[in-house]
Amino acid sequence: MLTVHHLGKSQSERIVWLCEELGIPYELKRYARDSVTMLAPPDYKALHLVGAAPVITDGDLVLAESGAIVDYIIAKYGNGRLVLRTDDPDFAQFLYWFHFANGTLQAGMGRLMLLNRLKLADDNPMLVAIRARVDRAFDLVDARVRDAEYLAGGSFTTADIMTVFTLTTMRYFQPYDLARCPNVVKYLGRVSARPAYRRAMEKGDPGMALLLS
C-alpha cells in the first residue's frame, strides 16, 4: 500500500492532492507540528534522513522530495494522467513550471522567511534583493495565469499541484499579499474548485483556512 506521511501545513499536501486527483488507493498518516517550534515531530523526522516533508512509503521504498515523489507516483500509478507528452506543444511549458515551483518560487519564499526571522533592517541589501526576487517570481506566475488557464496551458497538470502550496499554505510561514497578483487569485479560484483539491485539504489539514486570496 502506498502511504503518504503528511505533516500538517507542509509541502506534503501536494502528494495528498495528487493521490486524490488520480483516484488511487493510498493510506494517509497525519503528523502534527510541534505547537511551539512548528517543526516536525521526532517520529516524522525519523522517517527519512532529511527529516522534512513530504515522505512516502511504498512497500520497502521510502522516498522524500516532493518533485521526486510526484514523478514516482505518476510513473507508477498515473497511466499518463496529469502530465503532457513530449509531442504536446505545451510540453516545454509543463516542464518549466513543474521545476519553477521548487527551483525558484518555493526557494525564494523559503529564503525570505529565514531572512525575516533574523530581524534584519528593512533596507538590508540581502533582504531587499530576496524580496525583489520573490516579487518577480509571483509576477511571472501572475502573467502566466493571465494568459493561460493553467500553468502548462489549457490542461491541469502536476505543475499546478507543485505550485499551489507556495501560493497558499506557505503564506502561513511567510506572508505575501496577493492583492498585487489579481490573476493568481483568479487562478487559485479555478484550482481550488476542483473536488480533489477540496478532498485533499480536508483530509490532510481538516479545518485549516485555505489562503486562496
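The values are calculated or read from the model by the stated rules, or taken from the named source; none is laboratory data. This one's a predicted model, so the numbers in the text were calculated from it and none came from an experiment. Cβ atoms come from the backbone with ideal geometry, glycine included; neighbour counts cover every protein chain shown. The protein model used for the area step is the full one, side chains on, heavy atoms only, and it has no ligands, DNA or RNA in it. Shrake-Rupley method; radii C 1.70, N 1.55, O 1.52, S 1.80 Å.
Things worth noting here:
- Carbon/sulfur fraction of accessible area - the chain, other protein chains in place, 1.4 Å, %: 56 percent
- Our estimate of slack between A75 and D43, defined as 0.36 nm per intervening residue step minus the Cα-Cα distance, is 8.7 nm.
- The slack between R199 and T86, meaning 0.36 nm per residue of separation minus the straight C-alpha distance, is 37.6 nm.
- Taking trypsin sites (Lys or Arg not before Pro) as exposed when DSSP calls them loop and at most 10 other C-beta atoms lie within 10 angstrom, the chain has its longest site-free stretch at 120-213.
- Computed Kirkwood radius, in angstrom, where 1/r is averaged over Cα pairs of the chain: 17.8 Å
- CD proxy at 222 nm, helix term only [per DSSP H run n ≥ 4: -39500 (n - 2.57); per residue of the chain; nearest 500]: -14000 deg cm²/dmol
- Rounded to 0.05, the FRET efficiency of the N116 and L61 pair, given R0 = 35 Å and the Cβ-Cβ distance, is 0.45.
- The range 55-115, relative contact order [Cα under 8 Å, separation at least 6], %: 14 percent
- Average accessible surface for the range 115-213: 47 Å² per residue, computed with a 1.4 Å probe over protein heavy atoms with every protein chain in place.
- Listed values for the range 44-50 are Karplus-derived 3J(HN,Hα) couplings in whole Hz (6.51 cos²θ - 1.76 cosθ + 1.60, θ = phi - 60°), namely 6, 4, 6, 5, 8, 4, 5, and x replaces Gly and Pro.
- Two-decimal log10 I(q)/I(0) for the range 47-103, as the Debye equation yields it once each C-alpha is a single scatterer, q = 0.13, 0.23 Å⁻¹: -0.41, -0.98
- Charge context of M162, other residues only, Cβ under 12 angstrom, K/R +1, D/E -1: -3
- Taking other residues whose beta carbon is less than 15 angstrom from the beta carbon of G207, and scoring Lys, Arg as +1 and Asp, Glu as -1, yields +3.
- Hypothetical label at T3: residues of the range 186-213 whose amide nitrogen lies under 14 Å (7 Å Cα-Cβ projection): none
- Based on Cα contacts under 8 Å between residues 6+ apart, the range 2-115 shows a relative contact order of 22 percent.
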